[in-house]
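Below is one structure; the comments refer to it alone.
The values are calculated or read from the model by the stated rules, or taken from the named source; none is laboratory data. All values derive from a computational prediction rather than experimental measurement. Cβ placement follows ideal geometry from the backbone for every residue including glycine, while neighbour counts extend to all protein chains displayed.
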Amino acid sequence: MFADDIVVFGNNNNDLANKIRKISKWAVDNRMRINCKKSGVLEWSVHNSAPVNRSLFSIPTDFGDIDEVTEYRYLGVLITRNTLEEHIVNDAAMRGKKTLDTLMPKLVNSRIPLTFKAILVKCVLVPT
C-alpha cells in the first residue's frame, strides 16, 4: 500500500530528516511503503535565500534515499526553489495552451457534437 501526496515541512534539513524518519518508521509499522523514486526533497523559499551553488543532499529512509531536487511537480503545479505566484500562473497557462492546442482539431470539427466538445473543455481543458 502507498499513501499518496504527502507534503512534509521542516525548519531545516535536520528537522525534515527527523520527520521523514518518523514517517518511514510509521510506514514500516503499518506495512506501507515510501516510493523514494517518486519522492523528492525541495528546499523552498520565497525570499530567494536558498543557496544556489551547493551540492544536493538526500534523506535516508527504510525504503531507500529520498534525493533533493531543484524542482518538483506537486498535484500538477511545478514548484521550484524560488517559486513565485507569477511562476505558478505562467506554468499553468503554458500547460493550458498546450492542452488547448491538442484539443483544437476536435473543437473546430463540425462533425463532433457540441455536447462532446463541452465535455472535452470541462473535463480536460479546465482542470489543466
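When Arg73, Arg95 are screened for being part of a helix (DSSP H, G or I) and out of contact with any strand residue (DSSP E or B) (no Cβ under 7 Å at 6 or more places or on another chain), only Arg95 passes. Answer with yes or no whether Asn109 is in a loop (DSSP other than H, G, I, E, B) and touching a Lys or Arg at 6+ places or on another chain (Cβ under 9 Å). In short, yes.
Residues that are aliphatic (A, V, I, L, M) and not in a helix (DSSP H, G or I) were ranked within region 112-128; the one that is modelled with the lowest pLDDT is Val126. Output the qualifying pairs, or none if there are none: Cβ atoms under 6 angstrom, residues six or more apart or on different chains, first residue in region 77-106 and modelled with pLDDT under 90, second residue assigned to a helix (DSSP H, G or I) and hydrophobic (A, V, I, L, M, F, W, C). Filtered contacts from region 77-106: Val77/Ile88. Of all residues in region 67-95, exactly one satisfies the criterion of being in contact with a helix residue (DSSP H, G or I) (Cβ under 8 Å, 6 or more places away or on another chain) and of a type in the set (S, T, N, Q), namely Thr80.
Determine if region 32-51 includes at least one residue that is in a helix (DSSP H, G or I), at pLDDT 90 or above and not charged (D, E, K, R). So far as region 32-51 goes, yes, one or more of its residues are in a helix (DSSP H, G or I), at pLDDT 90 or above and not charged (D, E, K, R).
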